[in-house]
Amino acid sequence: LADLNFSMPVITALSAVLLGLFACNALGDTTAVTGSANTCAQLRRRLGSSVIVLPSDAGYAGLRDENWSQTAWRSPWCIAVPTVAAEVASVVSYLADNCIPFAVRSGGHDPNPFDSNIDAGVLISLEKFASVSYDAETQLATVGPGARWEAVYTELDKYQRTMVGGRVMDVGVGGLTLGSGLSYLTDLYGLACDNIVSYEVRVNRGLGNSQPPKKSLSADEVSHDRWSWPTER
Ligand SMILES: Cc1cc2nc3c(=O)[nH]c(=O)nc-3n(C[C@H](O)[C@H](O)[C@H](O)COP(=O)(O)OP(=O)(O)OC[C@H]3O[C@@H](n4cnc5c(N)ncnc54)[C@H](O)[C@@H]3O)c2cc1C
């Protein structure tokens, strides 16, 4: 149990949300939100119908109501279900560049109505980023933000390992770790976030006053540590 640290590539839009909104406010551009039909048509042209789900599509209702609490069942203009990091980057860039409101959902267990769903805007569902792997040599697990804890523990069980994670199997890795994460092992090993070695973060703006590049970066103790918690090892 001494090696519960894990490396988790969170394809996170959190930073892009904050920086994107900041850019809109800085410009005083509160009218830049385009209409729902235009936004979703543009996104669909970029990414295709398998990634951008419209209200008229068969899968929309199930995706919209995926959140654990009914209080968070909303009606987004459309729902993006990216399957690779480049698609996340493309959606986030488009939305942030055009000041379009959006919500991000990993496991959907946050009951607050608009934390991980939205009415006037686009929902990004990370459910396809559900991979879990373990490297016995480094003793690090790599987990996608759309994974649920059950999948994490099931995979680690194969190696007779476990990690500091959620207490309910259904909860998502993304939201729980971003919110710190209480575990049955917390008294011994701290919060879930204390055990994360690095995050993969999608950035839509340069840091501080710097200009883009827009890119993915790795946030850990050494690089971009403002987006990472100190890790107890
Ligand atoms: C039944 C139940 C059991 C629970 N048990 C525990 C427990 O044992 N320990 C504990 O600490 N907490 C527990 N919680 C609380 C839970 O950890 C939080 O509600 C957490 O936010 C859920 O994570 P999620 O990914 O499922 O939620 P989501 O609703 O998908 O996400 C929560 C928030 O994080 C944001 N977010 C999620 N993923 C990303 C991402 N990749 N990038 C950017 N932003 C992101 C969302 O936008 C949203 O604002 C429990 C909640 C429930 C309902």
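The values are calculated or read from the model by the stated rules, or taken from the named source; none is laboratory data. What you are looking at is a predicted structure, and each value in this text was computed from that prediction instead of being measured. So basically every Cβ, Gly included, is an ideal-geometry build from the backbone, and we count neighbours across all protein chains shown.
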TODO: Look through region 178-197, keep the residues that are part of a helix (DSSP H, G or I) and over 18 Å from THR142 (Cβ atoms), and return whichever of them is nearest to the ligand (Cβ to nearest atom).
DONE: THR186
Open item on the list: All but one of (1) assigned to a loop (DSSP other than H, G, I, E, B); (2) touching a residue at least 12 places away in the same chain (Cβ under 8 Å) hold for LEU156; state the number of the condition that does not hold.
Closed with: (1)
Task: Top-ranked residue in region 162-177 [being in contact with a Leu (Cβ under 8 Å, 6 or more places away or on another chain) and part of a loop (DSSP other than H, G, I, E, B); ranked as farthest from ASN195 (Cα to Cα)] - done: ARG167
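Can you pull out every residue in region 163-177 that is under 19 Å from LEU188 (Cα atoms) and either under 10 Å from the mean Cα position of the chain (by Cα) or more than 7 Å from the ligand (Cβ to nearest atom) (or both)? Quick ask: steps written out before the conclusion?
Within region 163-177, the subset under 19 Å from LEU188 (Cα atoms) is 163-168, 176-177.
Correct list: MET163, VAL164, GLY165, THR177.
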Task: Filtered residue count, region 163-185, keeping only those that are modelled with pLDDT of 95 or more and either farther than 12 Å from SER106 by Cα or charged (D, E, K, R) (or both) - done: 12
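State whether one or more residues within region 84-104 are within 25 Å of VAL168 (Cα to Cα) and at pLDDT 95 or above.
Kept after step one, since they are within 25 Å of VAL168 (Cα to Cα), are these residues of region 84-104: 103-104.
Now narrow it down to the ones that are at pLDDT 95 or above: 103-104.
Yes, the conditions are met somewhere in region 84-104.
Those residues that are more than 23 Å from ASP65 (Cα to Cα) and among the aliphatic types (A, V, I, L, M), I need them from region 111-151; list them, please.
Let us first name the residues in region 111-151 that are more than 23 Å from ASP65 (Cα to Cα), namely 132-143.
Listed by number, the residues that qualify are VAL132, ALA136, LEU140, ALA141, VAL143.
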Open item on the list: Here are the criteria: (1) away from the ligand (no atom under 11 Å from the Cβ); (2) crowded, with 16+ Cβ neighbours inside 10 Å; (3) polar (S, T, N, Q). Tell me which single one SER106 does not satisfy.
Closed with: (1)
Task: Subset of region 119-137 [touching a residue at least 60 places away in the same chain (Cβ under 8 Å) and touching a Leu at 6+ places or on another chain (Cβ under 7 Å)] - done: VAL122, SER125
- [ ] Hey, can you tell me all the residues within region 69-100 that are within 12 Å of the ligand (Cβ to nearest atom) and within 17 Å of the chain's Cα centre (by Cα)?
- [x] ALA72, PRO82, ALA85, VAL88, VAL92
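Any residue at all in region 117-128 that is more than 13 Å from the ligand (Cβ to nearest atom) and under 18 Å from the mean Cα position of the chain (by Cα)?
Filtering region 117-128 down to residues more than 13 Å from the ligand (Cβ to nearest atom) leaves 119-120.
Right, trim to under 18 Å from the mean Cα position of the chain (by Cα) and you get none.
No, region 117-128 has no match at all.
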Open item on the list: With more than 8 Å from the ligand (Cβ to nearest atom), closer than 25 Å to VAL84 by Cβ, modelled with pLDDT of 95 or more and surrounded by fewer than 21 Cβ atoms within 10 Å (Cβ to Cβ) as the only criterion, which of GLU155, GLU200 stands out?
Closed with: GLU155
